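Visitor: I am attaching a structure below and will ask some questions about it afterwards.
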Amino acid sequence: QVQLVESGGGLVQAGGSLRLSCAASGRTFSGLDMAWFRQAPGKEREFVASVRWSGSTYYADSVKGRFTVSRENAKRTVYLQMNSLKSEDAAVYYCAARPGGILETGSTRYDFWGQGTQVTVSS
C-alpha cells in the first residue's frame, strides 16, 4: 500500500505560481511511477504530468512549458511547479502512484491516490 498526502494548493492570481507537493509513505518510493491529475467542477479527471521511476517526465499539452514535475526519492516526495497559471488551471489536483511500468496517462491505471488539494486562480 501507498499513502499519498498533497499540499501546497491555494488561491493565486492569474499569471502567478504555486508549487504542489505530494508526500508518499508505505511502499518503496523509488520504484513508483508518480503522476498529477486534476478535476474541475463538472469535468472528468484529467492527466496533468507524470514522473516515472526512471525520472522521465511527461506532460499534458495544456500545461507543457508552464508546469514542471519532479521527484526527490530521498524525501519520498513529488512536486508540481506551476507557473503562468490560467483560470482554466483551477481544479482539485490529485497525486497518484502506480508500480513502475510503461507510461500511463489514464486515471484508471493508477492504484493509489491522495485526497486532493484545491487550486483556485483568480483573474
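FYI, it's all coordinate maths here, none of it is from the lab. Keep in mind it's a predicted model, so treat the numbers as computed, not measured. Here the Cβ is made from the backbone with ideal geometry for all residues, glycine too, and neighbour counts use every protein chain on show.
Visitor: Under a plain spin-label model, where a point goes 7 Å from the Cα along Cα-to-Cβ, how far apart in nm are SER25 and LYS86?
Guide: Result: 3.8 nm between the two label points.
Visitor: Here's a follow-up. Provide the gained length on full extension for the span THR57 to GLN3, in nm with one decimal, where the gain is 0.36 nm per separating residue minus the Cα-Cα distance.
Guide: Working: separation 54, 0.36 × 54 = 19.44 nm, distance 2.17 nm.
Going from the current span to full extension adds 17.3 nm.
Visitor: Only Lys, Arg, Asp and Glu count, each charged at its Cβ (+1, +1, -1, -1), so figure out the dipole size of the chain about its Cα centre, rounded to 20 debye.
Guide: Details: 14 positive and 10 negative charges, 45 e Å.
Approximately 220 debye in magnitude.
Visitor: Here's something else I'd like to know. Provide, for q = 0.12, 0.16, 0.20, 0.23 Å⁻¹, the log10 of I(q)/I(0) from a solvent-free Debye sum over equal Cα point scatterers in segment 23-85.
Guide: -0.31, -0.54, -0.79, -0.97
Visitor: How many nm is it between the label spots at ASP111 and ASN73, if each spot is 7 Å from the Cα in line with the beta carbon?
Guide: It is 1.8 nm.
Visitor: Here's a follow-up. Give a residue-ordered list of calculated ³J(HN,Hα) values for segment 30-45 (Karplus: 6.51 cos²θ - 1.76 cosθ + 1.60, θ = phi - 60°; whole Hz; x for Gly, Pro).
Guide: 5, x, 9, 8, 10, 8, 10, 10, 9, 9, 8, x, x, 10, 6, 5
Visitor: Same structure again: What percent of all Cα-Cα pairs in the chain falls into each 10 Å bin, going from 0 up to the bin containing the maximum distance?
Guide: Bins of 10 Å from zero give 15, 51, 30, 5, 0 percent of pairs.
Visitor: A follow-up question, please. What does the charge count near ASN83 come to, summing +1 for each Lys or Arg and -1 for each Asp or Glu among other residues with Cβ under 13 Å from its Cβ?
Guide: Details: positive: ARG19, LYS64, ARG66, LYS86; negative: ASP89.
My count for the surroundings of ASN83 gives +3.
Visitor: How far apart, in nanometres, would the label points at GLN118 and GLU46 be if each is projected 7 angstrom from Cα along the Cα-to-Cβ direction?
Guide: Calculated label separation equals 2.1 nm.
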